[in-house]
Amino acid sequence: MVAPGKNRPVRVETIVVPDPGPGEAVVKVQACGVCHTDLHYKQGGINDDFPFLLGHEAAGVVESVGEGVTEVAPGDFVVLNWRAVCGQCRACRRGHPQYCFATHNAKQKMTLTDGTELAPALGIGAFAEKTLVAAGQCTKVDPAVSPAVAGLLGCGVMAGIGAAINTGGVTRGDSVAVIGCGGVGDAAIAGSRLAGAGRIIAVDIDDRKLATALRMGATHTVNSRSTDPVEAIRELTGGFGADVVIEAVGRPETYEQAFYARDLAGTVVLVGVPTPDMRIDLPLLDVFGRGGALKSSWYGDCLPSRDFPMLIDLHLQGRLDLDSFVTETIGLDDIEAAFDRMHGGDVLRSVVVL
Ligand code: APR
Ligand code: ZN
Ligand code: ZN
């Protein structure tokens, strides 16, 4: 499924996938979720390297590997990630590979049949029967899980779960507030439940989203259109504020709510992605007067090799409901319509099954 140009409809094309070179793998895609980022690529909101091969929340089976590949072998069931870390840079060596300076993708290009090079979305491009990636983008997981569920970990759901368990460090008994209950916020709620949080307060402006949040594990809900969320969170936490507040919208006003809704020693995690024009304006004295930590979470600070197999195991054991994130499974031809449904409020994830 190719996005040919800015804001033009996506269309199915025949593409040429080269045999994997050194360090590369070709993966037969089985499922790939539709993410807001695909829509942003299509709209030209990321860069203008059209044509894009869209799709990046994917799982499938390794078909072939290039020279020197040891991470995976043909036949392995894998989840793809968009951050293959180098293992060598300062961040990697200091044990912070989530800040790796040298993440990489496949070196060769996939093309249209006329030779036009394709830019794969987030270095993946998985709305396709096959795709070429760096071997380090493949993480082997238990093949007992359905591909539609496994692929979710490739992006938004991992971002949300990781915002809670990796960045926020949510631990048993913590009070957690999650502002914005789309796919990412709901995953943060599921992650908080997994980590043993005591109260999990869901905040959104849409009652339908709050109803879903309750199913994902929220213990309390606040509609911030009608109720001041900072006051409500304080009230629900004995007057103190939440131990961890996760902002999953990516807007200045919700960040400000998160800032004031935390306990004095609490942590704010920004996982919603702001746009370049956004600014916050906080009294410096209020920053000084509050301890805790202000953090951001990029891809849930995940380590795919550690987190993907673990979360799939927990899912298979019935301890982490990932099925509820899959609202519908669709075919490649349905992607354009799925983009429209994305803003309807009822869809967490549409997943293309191939
Ligand atoms: N206050 C509270 N909730 C809000 C507000 C607001 N002012 N504005 C929007 N929301 C809610 C929406 O009602 C919706 O439930 O935030 C949620 C956003 O969900 P989605 O649009 O489904 O987005 P999602 O995929 O969850 O991603 C959230 O994380 O990865 C980033 O780019 C992504 O910035 C986005 C954020
Ligand atoms: Zn590195
Ligand atoms: Zn995504």
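Things worth noting here:
- Inclusion of PRO283 among residues that are farther than 17 Å from VAL145 by Cβ and touching a helix residue (DSSP H, G or I) at 6+ places or on another chain (Cβ under 8 Å) is not warranted.
- Residues of the stretch 187-218 classified as outside any helix (DSSP H, G or I) and acidic (Asp, Glu), total: 2
- Filter result (over 13 Å from the mean Cα position of the chain (by Cα), surrounded by 15 or more Cβ atoms within 10 Å (Cβ to Cβ) and assigned to a helix (DSSP H, G or I)) within the stretch 270-306: SER305
- Residue list for the stretch 174-210, filter: farther than 14 Å from VAL268 by Cα, among the charged types (D, E, K, R) and over 20 Å from the mean Cα position of the chain (by Cα): ARG199, ASP206, ASP207, ARG208
- Checklist (1) β-branched (Val, Ile, Thr); (2) out of contact with any Asp or Glu (no Cβ under 6 Å at 6 or more places or on another chain); (3) farther than 30 Å from GLY272 by Cβ applied to VAL26, failing item: (2)
- Within the stretch 89-129, considering residues that are in contact with a Phe, Trp or Tyr (Cβ under 6 Å, 6 or more places away or on another chain) and part of a helix (DSSP H, G or I), the one farthest from ligand 1 (Cβ to nearest atom): ALA91
- Test: residue in the stretch 57-67 that is outside any strand (DSSP E or B) and in contact with a helix residue (DSSP H, G or I) (Cβ under 6 Å, 6 or more places away or on another chain): no
- Residue within the stretch 235-244 that is surrounded by 12 or more Cβ atoms within 10 Å (Cβ to Cβ), modelled with pLDDT of 95 or more, within 21 Å of the chain's Cα centre (by Cα) and not small (Gly, Ala, Ser) present: yes
- The stretch 130-179, residues that are within 19 Å of THR329 (Cα to Cα), away from ligand 1 (no atom under 16 Å from the Cβ) and not in a loop (DSSP other than H, G, I, E, B): LYS130, PRO147, ALA148, VAL149, ALA150
The values are calculated or read from the model by the stated rules, or taken from the named source; none is laboratory data. Keep in mind the model is a prediction, meaning the values are calculated, not measured. Positions of Cβ are generated from backbone atoms using ideal geometry, with glycine treated the same way; all protein chains shown enter the neighbour counts.
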